[in-house]
Amino acid sequence: MTNNIAQLPDVDHAGTRSYPLTLAQKRIWSLGQIGNRSVFPTQLLALRWQGAGKATELIAALHRVADLHPALRMRFQRFAGGRVEQAATGALEVQRTDLATVAAEARDAALCDLLDGFAAPAFDLETDASARGLVVRLGDDDHIIGIALHPIVCDPASLNVLARDLSTALASASDNTIKDAVLSRATAEQQWLRSPAYDDALAYWQATFTEERSCASLPVRSNLGGGATGLRRQHRFVIDAGLKLRIATLAATAGLSEPVVLLTAFNVLLARYGGQFTLRSGAVRDGRSEPGDAGLVGRLEDIVPLRLDLSPAMTFVAAARHVRDRYDEGERHRLPIERLAQELWRDDQDMRGTFIASLFEHRGTLADPSATPAGIQITSVLPLASRGDADLVLTTATDAAGGIIDAVIDASGELYDGALLARAAGHFVRILKAVAADGDIRLRDIALVEAAELDRLSAPYDDDAIDDDRPVHQWIAAHAIRTPDKTAIIHADQSWTHGELDQRANRLAHRLLSAGTGPEVCVAVLVKRSPEAIATILAVLKAGGAYIPVEPDQPPARNHHIFRDAGVKVIVTHSWLRDRIPTDIDAVILELDRLDLSAEPLTPPAISIHHDQLAYVMYTSGSTGLPKGVAVEHGPLTHHCQSTARIYEMSEDSRELPFLPFSSDGGHERWMVPLMVGGSIILPDQALWTPEETLAAMRTHDANNASIPTTYMQQLAEWADISGEAPPLRLYSFGGEGLAQTTFDLLTRSLPAKWLINGYGPTETIMTPMVWKVRPGTRFEGTYAPIGRAVGRRRVYVLDPDMNPCPIGVTGELYLGGEGVARGYVGRPDTTADRFVPDPFAADGGRLYRSGDLTRWREDGAVEFVGRVDHQVKLRGFRIELGEIEAALVEQPGVGECVALLRNDDGQPSLVAYVVPQAGITLDPNELRRAIGGKLPDYMIPSAIVPLERLPINPNSKLDRAALPAPVRRMTEAVPPATDLEAEIIEIWRDVLGIIAIGVTHDFFEIGGHSLAAIRILTRLRRLRPQVRTTIADLFNNPTVRSLAARVEKGGDAIGSQVITLRASGSKPMLYCFPGLLVSTREYVRLVEFLGPEQPATGFICYSLSEEKTRDGSVEAITGRYVEHIRRESRGRPCIFLGWSWGGLLAYQAARMLGNDIDLRLVGMIDVCEIGSEFALGAVPQFGPGERDALQAQVSEWLGRTRMRSEWDRLLGSMDALTYEQFLRFIGNEEEELPTDGPDISSREHTFWILIDNALIFRQHRMLPHDCPIHSWTAEDSLHRGLNLIDWRQYSRFANPAEIIAGTTHLHVIGSSAFHSRFAHRVDEAIAGLGHGSAAPIQRRTRS
Amino acid sequence: MDNDDVWQVVRNNEGRYSVWRQGRPVPRQWFFTPYTGSRSACLAHIEIIWRDPRPSGWGRVMDGATGADQPQR
């Protein structure tokens, strides 16, 4: 193997003129500055040429191509101030390697390594050329040509151009036209951006995206981790030749293009996965449409945003035409995506997530054989390159040789797991197959889930036993014959044997028969949970009737409704409960305590039971209206109980403690099943036992099973965790509510058991139709524990609104079908028909019950509970499950109950969560926000968390959502001024803030104060009391009229300080926040709130607000004031710096000046840019003819008028000749007139003065290396703007590449909760190991 | 009413009623009845016509039987 470098002399074609960068190029440059190479990766071409000549000929061809395309020889120069220009002054270096001598079997691996090594090194655009070449000899007439290009000069479509040009160059050298039109792109772009065409295009997009924007994406992982990793995942797949042909046929018949069919199929996939058919996505467009653009190599592509209005009923061809039309429209109004995103991100409301989350790109054929000279064979040796400039990108490319389509999905690894991507790819292909077979198929009729998979996912627990048809009571009676003396029920101090139970039931059954009980006759059992209640129920069943359990403790209105609604014919009760029965009811009433049954036979009545005969009616309270009676038949009931017994592994050894109430059907399952298998139950004698009593009962009676409501399970586990008193059980089963992982972990730890069963089931599907049976310690990913699979003769389906099965991981409504569903609602045929619908997956006329619960299938077929259908809301295009927010909050320590909802107060939709603290705990809403910040996506964080003493309940014992209070900014009573000074100050506040109802104790910032208002107040205050030099810091630190007045009265040293206390105390190291230019330090308040009560924080007043306009201005002098304070306060102690924008430079300078005086743990840098290029050292301004003189005259005239003449004279006097020229240029570029409203600190002139002054300060400043730990963040929009971001790695060896905060801007990033949570994460890392509050030993980091 | 949103009253082999969107093949052992309309209109119609909640097989058994000795399915 040999290596050498072949280089031809520099070529000077287009001259060495420099050109500016396009917006797209600026963004890529900025990404390079912050160390990101994954959003736009290196572009790599590697083609194998057989029959094309010797290596020297290939190299010559490569150089000929490099001559044609400046992209292969571009160099970039960065000027003072950060302006970047490009010039085609480089030369292509071509590396030669010979692999011909490598053994054939090792050659592929060697080639792979070689190409990896070739592509891997980062380009340093300021020193290297923008591309490098490679020629690898595999044989005499068999070579690889490789070209690696920086993405700033090359897009994927450029690679096709290069492949074609190489081919041409090898065949002949006919085309020598140099393709340098690409260089003038930026100039043309700048002109266009100032043209009316730009305004039109922008207006189009503003109109297009005004409505709710549903950002299309696949469902993201639940339980997102903390910080962003930038990790990407790829999934490759192929559309085979047969399908490709059918797609081509469909496209041709429908008058569409193949890429449009693929793009439509991709969006249909997003719609079906997301359940939203109005969506926003994007498509990559080759930017070579204009005449003269063909054959250019450069970063020319555009992104066309798509706002699609599809609908489930649309046919595919109609959808594709819609997509095509929207694409064409978008193309006509195309606008650089960098500019478009920043134009559309105007306010806080838009700043949720990225502008385009999902992107599609179709590429033409690389190395098209039809364009290849005869005798030459070209093959690409690289897989299709993916792209990383959206959360999810599908790239397809036609492989001409194979007649197939290559495809690759590239997606954020933080958001998507690999299995989901693979499935989505499979479903994309299924969509294509379906539409290729029938272009007029409606979108909702495309089946994504295959029959075999649906069969697997919907299947119940494995159970090959055959149920027998004996009804429940006959099963139980059988044990009275087999084991009459065995204990059946333990209740307080009573113990009933199987024999006693059966005899009691038999005698009562005879009496019930004579009272009119029979098939389809309802008998109300108004008896509290007891052995007698069970005997009564069995008696009703034995008499052929249907029982209705009525809890004596329930509200009389509810019970009266039940008696009437069900047409109850017989009521069994106790004499002391007689008054609970309405007097006007037409029913036979039997009082158990007054019945003499001694004459009744001990044997059961001779009655057989039909499979479809009514067994019971259970009343459920809906969230609205009156309780509905759910009617259940004998066949499904007994089969369900038998399957349950097997899955729960119940036997005559089972001794169960059933804790569920008799008002729920689950409570009946839990006595029926143990008794059916000959076991025993320990029936609690109170509605509620304390955890202590429960554990004691388990021990006393040797319980081996317990069935407990989820809510009570938590208390029980907490108690057991403390006391360690829980006896080992075989099985705990629970249900009734979502079970969070933390609760599950707790009960796993504190309640020893062999099995745990999480049960789920609406009454309409009979008791517990689904269970998740696991060993303790099992982990799960979702918010709640899975609800598992179906039990017995049932199937469960997760379906979309069109009743299509949802793919794994996609949220849909849960439907339960098969034998194990109820007959329906008593007396409500319409509601029954509405909720029990034809089962499209069954052949026997079966029905599915529509549960109203949102769920998704896991990989293993277990179903996960997500939330209620009616608790799903949409906010700014995001579908949000309120249950997920609630679950995240309930997991937090101290939170007892929680409810989240979407409020619409003042027409402004926002998420609000209400939390009820556990007894004796005070909840801090900010702390809760912070805690859930790392668990939920940004758009799911409630904008307000309101602590309540208790949740409002309606008469149905359900949460009364309407009664939840709107979160209010509590305006406390206005306390009148007590002194003259207070009265004077309050007058100023009222004037400046325009609010009359101000009291002396109101907080300036809470009543709408901001820094400009603060400055106005100070200006007025100084006129009032010129002798006291009050500063803005005084107002910030004393934000009420009363405290400010006290400060002014007191006078003294404190006045005039630059230090603002953001939070005075806390156990963590002090956080120092450095101010940006012309912004107050208040912007940091939200961050500090987020960081929590243990995080002390100090801010500094921006010098521009401090009015100290002394011209010793240097960064060192400005920083020096802050440094003094920090040294005094934190010498030898750990601390953290944070600098936003210009403040980052101050933070860095402070870090340098303080050196080892403090233990600096972290310097956070947010969007820190270098100063603009106008005043950069050495930047020579250009003027049009006569322009300079005119500007000069303008300045003289202006200086004659301004009241800040002396300040300006001082500033202008400090300028050298070049700086003054720059100043004139700067004025010439300003659109507004020179201001003369100074010198008031809030005036525009003052601001203007500060800007110029600051520019002068900065042009003098030199950044020197200093190794301090730096972590930086960048607003996504700043990249779009191509801001001149500082790469801190050039100054500190302990600096990391910046993290990108998606969907936010330079101004808003400081308030972004995505930033807050990531900063908090880094702070935690930086101070890990420190005992908070203690002065830990300083770990000195010195540059070695 | 949107043409796409027409529903039909359906009845199964056991005489249970429900609704099904027109244009979709009705599941096996379910049969269209003549009534069509919006979903809510279909449900309102079912409220009028579905008088016997019992599955039809059991209804026949029960109505035909006298006394307690009914054949077990």
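The values are calculated or read from the model by the stated rules, or taken from the named source; none is laboratory data. Only a predicted model underlies this, so the values are computations on that prediction, with no experimental measurement involved. Here the Cβ is made from the backbone with ideal geometry for all residues, glycine too, and neighbour counts use every protein chain on show. Quick note on the areas: whole protein, heavy atoms, side chains included, nothing else; ligands and nucleic acids left out. Shrake-Rupley method; radii C 1.70, N 1.55, O 1.52, S 1.80 Å.
Principal-axis analysis of the Cα atoms of chain A puts helix A:472-482 at an angle of about 60° to the longest axis.
Applying the Karplus relation 6.51 cos²θ - 1.76 cosθ + 1.60 with θ = phi - 60° to the range A:752-764 yields 3J(HN,Hα) values of x, 7, 7, 10, 10, 10, 9, x, 9, x, x, 3, 5 Hz, where x marks Gly and Pro. The mean number of Cβ atoms from other chains found within 10 Å of a Cβ in peptide B:9-21 is 5, as a whole number. For A:Asp844 and A:Asp870, what is the calculated FRET efficiency with R₀ set at 25 Å and r taken between the beta-carbons, to the nearest 0.05? It comes out at approximately 0.20. Once the other residues with Cβ under 11 Å from the Cβ of A:Asp553 are scored (Lys, Arg +1; Asp, Glu -1), what is the net sum? Taking every Cβ under 11 Å from that of A:Asp553, the sum is +3.
Here r is the Cβ-Cβ distance between A:Asp553 and A:Ala1064 and R0 is 60 Å; the resulting FRET efficiency, rounded to 0.05, is 0.70.
Taking Lys and Arg as +1 and Asp and Glu as -1, the other residues whose beta-carbon sits under 15 Å from that of A:Asp586 total 0. Legend: mean number of C-beta atoms from other chains within 10 angstrom of residue C-beta atoms, peptide B:41-47, equals 4. One decimal place: the segment A:Arg17-A:Thr620 gains 209.0 nm when fully extended, by the rule 0.36 nm per residue minus the C-alpha distance. Note on A:Arg1086/A:Arg1262: beta-carbon distance plugged into 1/(1 + (r/R0)^6) with R0 of 51 Å gives a FRET efficiency of 0.90.
If you stretched the chain out fully between A:Thr1001 and A:Leu1199, how much longer would it get, using 0.36 nm times the residue separation minus the C-alpha to C-alpha distance?
Numbers: separation 198, 0.36 × 198 = 71.28 nm, distance 4.44 nm.
Result: 66.8 nm gained on full extension.
In the range A:1196-1259, what GluC sites (Glu not before Pro) fall in a loop by DSSP, with at most 11 other Cβ atoms inside 10 Å? Mind dumping the intermediate values first?
Numbers: sites: A:Glu1197, A:Glu1207, A:Glu1221, A:Glu1230, A:Glu1231, A:Glu1232, A:Glu1233, A:Glu1245; in loops: A:Glu1230, A:Glu1231, A:Glu1232, A:Glu1233.
In loop regions of the range A:1196-1259 (DSSP not H, G, I, E or B), the sparsely surrounded GluC sites (Glu not before Pro) are A:Glu1230, A:Glu1231, A:Glu1232, A:Glu1233.
Starting from the Cα of A:Ile589, step 7 Å along the direction of its Cβ; do the same at A:Ser311; then give the gap between the two resulting points in nm. Taking the simple label geometry, A:Ile589 and A:Ser311 are separated by 5.8 nm.
Taking 17 Å as the cut-off, the amide N atoms of the range A:96-130 that come nearer than this to a point 7 Å along the Cα-to-beta-carbon line of A:Asp1287 belong to A:120-130. For A:Ala294 and A:Ser943, the difference between the fully extended length at 0.36 nm per residue and the C-alpha to C-alpha distance is 228.6 nm.
I'd like the distance between the alpha-carbon centres of the range A:647-704 and the range A:35-93, rounded to an integer number of Å. If we compute the Cα centre of each part, the gap is 77 Å.
Interface B/A, total buried accessible area with a 1.4 Å probe, nearest 100 Å²? If you can, show how the numbers build up before the last one.
Values: alone 5680 and 52850 Å², together 55580 Å².
In total, chains B and A hide about 2900 Å² from solvent.
Within the range A:90-193, report the GluC sites (Glu not before Pro) that DSSP leaves as loop and that have at most 15 other Cβ atoms within 10 Å. Mind dumping the intermediate values first?
Details: sites: A:Glu93, A:Glu105, A:Glu126, A:Glu189; in loops: A:Glu126.
Passing both the DSSP loop test and the Cβ count: A:Glu126.
With the simple model of a label 7 Å out from the Cα in the direction of the Cβ, A:Glu718 to A:Asp124 spans 6.1 nm. To the nearest ten degrees, helix A:55-68 and the longest principal axis of the Cα atoms of chain A are 80 degrees apart.
Of the residues A:Leu1264, A:Pro531, A:Leu1071, the one whose Cα sits farthest towards the positive end of the charge dipole of chain A is A:Leu1264 (charges of +1 on Lys and Arg Cβ, -1 on Asp and Glu Cβ, taken about the Cα centre). Can you tell me the 0 to 90 degree angle between the C-alpha axis of helix A:531-542 and the longest principal axis of chain A, rounded to 10? Orientation of helix A:531-542: about 80 degrees from the principal axis.
If you take each beta carbon of peptide A:839-846 and count the beta carbons of other chains within 10 angstrom, what is the mean?
Working: counts 6, 7, 2, 4, 3, 6, 12, 8.
Neighbouring Cβ atoms belonging to other protein chains average 6 per residue here.
Ignoring trypsin sites (Lys or Arg not before Pro) that are buried or in helix or strand per DSSP, and keeping those with at most 10 other beta carbon atoms within 10 Å, what is the longest stretch of chain A between them?
Numbers: sites that count: A:Arg194, A:Arg779, A:Arg950, A:Arg969, A:Arg970, A:Arg1201, A:Arg1262, A:Arg1340, A:Arg1343.
The longest uninterrupted stretch comes out as A:195-778.
As a length-normalised measure over Cα pairs under 8 Å and 6 or more apart, the relative contact order of chain A settles at 9 percent.
Across the options A:Ala1190, A:Pro1235, A:Tyr1220, the greatest Cα extent toward the positive end of the charge dipole of the range A:1187-1259 (unit charges at beta carbon of Lys, Arg, Asp, Glu) belongs to A:Tyr1220.
In chain A, taking the dipole from charged Cβ atoms about the Cα centre, the farthest positive-side position among A:Gly133, A:Leu614, A:Asn1037 is held by A:Asn1037. Working from Cα pairs under 8 Å separated by at least six residues, relative contact order for the range A:636-875 is 15 percent. Taking other residues whose beta carbon is less than 14 angstrom from the beta carbon of A:Arg78, and scoring Lys, Arg as +1 and Asp, Glu as -1, yields -3. About the centre of its Cα atoms, chain A shows a dipole size close to 1380 debye [charges on the beta carbon of Lys, Arg (+1) and Asp, Glu (-1) only; nearest 20 debye]. Loop-located chymotrypsin sites (Phe, Trp or Tyr not before Pro) in the range A:79-166 (DSSP state other than H, G, I, E, B) with a sparse environment of at most 14 neighbouring Cβ atoms within 10 Å: A:Phe79.
The simple spin-label model puts a point 7 Å past each Cα toward its Cβ; for A:Thr483 and A:Asp200 those points are separated by 8.8 nm.
Can you give the charge dipole size of the range A:636-875 about its Cα centre, rounded to the nearest 20 debye, using +1 on the beta carbon of Lys and Arg and -1 on the beta carbon of Asp and Glu?
Working: 23 positive and 30 negative charges, 88 e Å.
With only Lys, Arg, Asp and Glu charged at Cβ, the dipole is about 420 debye.
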